[in-house]
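Taken together, the values in this text are just the output of simple stated rules run on the coordinates, not laboratory data. As the structure is a prediction and not an experimental result, all values here were calculated from the model. Quick reminder, even Gly has a Cβ in these numbers, built from the backbone with ideal geometry, and neighbours come from all protein chains shown.
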Protein chains: 2
Amino acid sequence: MEGQQVRALYEFKGEPGTAELSINAGEILTVMRDNVGDGWCEGFNESGQSGLFPAAYVQVVEAAAPITGQTQPYVPPVQQHQMIQPAQPHTVDYGDIVSMHTIHSVIPERPISNVPKKNNKFSTLIKSGEDSFLLGTKLLNVPDSEKVFIDEVEGGRCTWVPTGESYNCVVTSPKKESKLKGLKSFIVYQLTPTFNNIQVSRRYKHFDWLHERLEEKFCFIPIPPLPDKQISGRYEEQFIEHRRTQLQEFVDYVCRHPVLSRSRVWEHFMTCTDEKRWKAGKRQAEKDELLGVNYFNAIQCADLPPLDPIKVEIETDAFSRFISGLDPVVKNFMAVAVDQTKKHQVLYKREFQKIGQSFTALGHALEADDSSRGRLTHALKMTGDAYNEIGRLYEEQPKFDWEPLGDKFHIYRGIISSFPDVISIHKSAVQKRRDSERLVSEHKMEPQQLQDLCIRTDVITRALMAEETHFQSEREIHINQAMKNHLVEQINFYQKIVNKLQEALATYDG
Amino acid sequence: MEGQQVRALYEFKGEPGTAELSINAGEILTVMRDNVGDGWCEGFNESGQSGLFPAAYVQVVEAAAPITGQTQPYVPPVQQHQMIQPAQPHTVDYGDIVSMHTIHSVIPERPISNVPKKNNKFSTLIKSGEDSFLLGTKLLNVPDSEKVFIDEVEGGRCTWVPTGESYNCVVTSPKKESKLKGLKSFIVYQLTPTFNNIQVSRRYKHFDWLHERLEEKFCFIPIPPLPDKQISGRYEEQFIEHRRTQLQEFVDYVCRHPVLSRSRVWEHFMTCTDEKRWKAGKRQAEKDELLGVNYFNAIQCADLPPLDPIKVEIETDAFSRFISGLDPVVKNFMAVAVDQTKKHQVLYKREFQKIGQSFTALGHALEADDSSRGRLTHALKMTGDAYNEIGRLYEEQPKFDWEPLGDKFHIYRGIISSFPDVISIHKSAVQKRRDSERLVSEHKMEPQQLQDLCIRTDVITRALMAEETHFQSEREIHINQAMKNHLVEQINFYQKIVNKLQEALATYDG
């Protein structure tokens, strides 16, 4: 839809300080680029402000054409020459998917390209490393402890084979500590794994270090993001407690992941109590050579049958589209959660306190002539108190519903935005395989070499498929649970309001 | 805060196609008018766009002043000369009320647009007429049918003696009618008194005529105000239905009033079905001489003992203070009701629909890869629907709670703002009595004349006292009832939200 005019179907709030453009439902925008990637469009509004907005939130303006589920809207013949035709899918055919669930006629008709590269510094490294792995020119000796296994379950789904008992790790008691005689202060969190019940102390900077190691080591696993760094207010009680719950979300995701939860660096992070051993372990992790594409050497799926390249392509394309469709939606969902948190804490609280005040003021004003009529005055003041209390409930509530939901979606947002990189590793392996097939047909490569390469391509593909399976189970279990928690807390909240109002009502006469 | 710079505390999105101005938190605006009414300000932003925004969303820009509960923020002396001082309330002194319960420093410090003062043109007329009555120079012959009686009950309280059975009058079925072959169209309301069950048709302009007659005739009774005149949107269904309920409030107040409910002009208005008699009755009412201060001739309290002037002064002063303390509070209360009505219909509705959309969008996005996992997608869509429905509930709700409360308080606000005029008639009679006492002491007036004048002064005072008693019983019964209705409806509303969310929760797995 480049160059075309589109109408915003929904409101979208751009994140301040980014290139995102806030759009209002109904407003007309002009699209400058529709291949920005991950479901984003670039364009400008009628006031000339430009920026990025979700492609799924807009619809091509069609001259009096009815909105239907068709991909190609009906265009009256006389107008066809005046219209810019909607761009055809460049690399992806949405065909079936669009007709399967057309909600709006606006599912992005554009190729998915991956914008924010996770580790751009690694990408050439990855490319050459990947080639070495595929060609078998750099085969590493992997110790048993580092090996990870993939299995195939019903329907051909690949899964990571879990090793050992599942466990949790609880993040508790953030404490302010200092060193250099108080010149430097920081927050220390306590981590206690359930398998040994031994507590370790870690700072945010240690989490940050761990995160870097995990990203380096597991290029085929989207690593959950840490909470954003923050400078101001970081010693405030509320902030610290919130950060604790955010770190708990991160830790939970790692513990639930069959590969990450067994990784050496994570185990070191979570269990090492001795300062000396901690430092040694850190050095060792930083020198670890079994990382990035090299780690494919550690993936074991020897007994599994070869994959059907065509089936793989269809499936990974579908998954890729799924992820890029999810990206702006999850981002917006998170924005709504953050927005609601803020509105409850400030705006709604104030509204209810304003209401409370008006009842209280009325009670006071009537009191002035009310020696024998104390009941109404009293009831009005009680009503004022009830609304004030409701204001306080609004202020407190987000930490039970919108804030945890926002934290949960912060994790998934990070996972989703990392997936395109993971997918591109697979795509590049598939390309290498195609190139090699051509080379073999041109007798420039030995068939045996191709056969080995295919086995290794399958390893990369299966890693992606196992990650996909893991993500789907996360969604099935944990998004489901998060939504339920949210609703339960919302119900409690509105029930509390009902109760407060009922208490106020009971103070009236008659 | 007119002419002042203010900082937006919150984001506010103006509704497209209205005069509302979208503002962003933190941005600086210049206020052009702060008396637009109902909590709105008019001003422009730094790009020069102008429009309306909620006064409660902005705060006067103060140079480095901390936000405290004080009404007057601290201003560093060196900066005082550069600053425009926040405008003081124009006509209303919030004094005690503000300091008694200040919650934020942003409560609009301005009077809510005033109900026009009743009949200033009558005041000199009233003054001279009152003197004639007090001096007995103009004694009218009052037919029995026009006589009203005052009695004294326990504690020396005066009351109007009710005559006849109490009744109601129902306002129903507003219909659009037209005349001059459709050139002129108007709304006709049906009135049905319970004592005869005969329906009459009346237009707003008839109500307006009636209101004028009542104000003319009963200078010692605060007449309940009609709903405000409105030009735009007056044929819209919602507007018409709301106007009907507002007229019902007016009619209810008249029916409950022992004097107004028996007045001839009101009976004519409420019962006359014949066009010819209607016109004759109108002419008669317009020629009625028994009006204004003359009507004091109709007040009968012959057998009651003389009043103690000092006790009267103490009591009426207390009542006067009570009324003037109530005035800003009731205005503010009404403003809150109007503001909440609007916020529910626009802002909150939109917020919930935005939440609903984000759940629906997430459901759709997850559906794309969800052949076997329909449950979560379904549940998310149901959740989206639930929040959308809640948005709709917010839009509808005000007509059950805030709107009726606002309408009720529109009536009391009018009554309260009319009381000072009624009180001043009494005050002027008391002054006349004092003047006469001096004249008698100076032998410039006969003691018998003073004695007669005192009896007539007592009539005026007793009329005020009877009105006070009536107002207190209104408050005791009808404000009490209105508050209870409001709370019951609020409870129903939040209970409905709870139910919607529970329905959504039931669609989740596990």
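Listed values, structure above:
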read-out	value
Packing rank of B:270-282, A:328-340, where each peptide gets the mean count of other beta carbons within 10 Å, highest leading	A:328-340, B:270-282
Stretchable slack from A:ILE198 to A:THR469, in nm (0.36 nm times residue separation minus alpha-carbon distance)	94.4 nm
A:ASP208 paired with A:GLN300, simple spin-label distance in nm, labels 7 Å along Cα-to-beta-carbon	3.8
For the range B:446-461, Karplus couplings with θ = phi - 60° (6.51, -1.76, 1.60), whole Hz, Gly/Pro x	6, x, 4, 4, 4, 4, 4, 5, 4, 4, 6, 4, 4, 4, 4, 4
Stretch gain in nm, segment B:GLU267-B:ARG7, where the contour uses 0.36 nm per residue and the Cα spacing is subtracted	88.1 nm
Least to most buried among A:THR461, B:THR377, A:THR137 (fewest other Cβ within 10 Å first)	A:THR137, B:THR377, A:THR461
Over the range A:252-352: Kirkwood hydrodynamic radius from C-alpha pairwise inverse distances, Å	18.9
Size-normalised alpha-carbon gyration radius of the range A:323-505, reference 2.2 N^0.38 Å	1.86
Per-q log10 I(q)/I(0), the range A:402-510, q = 0.16, 0.20, 0.24 Å⁻¹ (Debye; single scatterer per alpha-carbon; no solvent)	-0.84, -1.02, -1.20
For A:LEU140, distant residues with modelled amide H under 5 Å away	none
For the range A:323-505, size of Cβ-based charge dipole, Lys and Arg +1, Asp and Glu -1, in debye	200
Flagged links, alpha-carbon separation over 25 Å, of A:LYS408/B:LYS343; B:LYS176/B:LYS205; A:LYS496/B:LYS408; A:LYS127/A:LYS408; A:LYS343/B:LYS484; A:LYS282/A:LYS408	A:LYS408/B:LYS343; A:LYS496/B:LYS408; A:LYS127/A:LYS408; A:LYS343/B:LYS484; A:LYS282/A:LYS408
The range A:313-355 - Rg (one decimal) and Dmax (whole number), Cα, Å	18.1, 60
Label point 7 Å beyond Cα along the C-beta direction, distances from B:SER47 to other copies (nm, shortest first)	0.3
Mean separation of Cα contacts under 8 Å (6+ apart) over length of the range A:323-505, as relative contact order %	29
The range B:377-434, Cα convex hull volume normalised per residue, Å³	57
Label point distance in nm, B:SER132-A:ASN141, each placed 7 Å from Cα along Cα→Cβ	12.5
From phi via Karplus (6.51, -1.76, 1.60), per-residue ³J(HN,Hα) for the range A:241-251 in Hz, x at Gly/Pro	5, 5, 4, 4, 5, 5, 5, 4, 4, 4, 4
Gyration tensor (alpha-carbon) shape descriptor, the range A:412-476, a/c threshold 1.5	prolate
Nearest-first distances (nm) between copies at B:LEU135, label 7 Å from Cα via Cβ	12.3
Estimated inter-spin distance, B:GLN448 and B:LYS311, nm [label 7 Å along Cα→Cβ]	2.9
Across the identical copies, how the A:GLY510 labels are spaced - nm, sorted shortest first, 7 Å along Cα→Cβ	5.2
Residue order, fewest to most surrounding Cβ atoms within 10 angstrom, among B:LEU52, B:LEU139, B:LEU453	B:LEU139, B:LEU52, B:LEU453
Net charge of Cβ neighbours under 11 Å - reference B:VAL161; Lys, Arg +1; Asp, Glu -1	0
The range B:400-477 - percent relative contact order, Cα under 8 Å, separation 6 or more	30
Sites B:SER50 and B:LYS184 - FRET efficiency at Förster radius 56 Å, r taken between beta-carbons, to 0.05	0.95
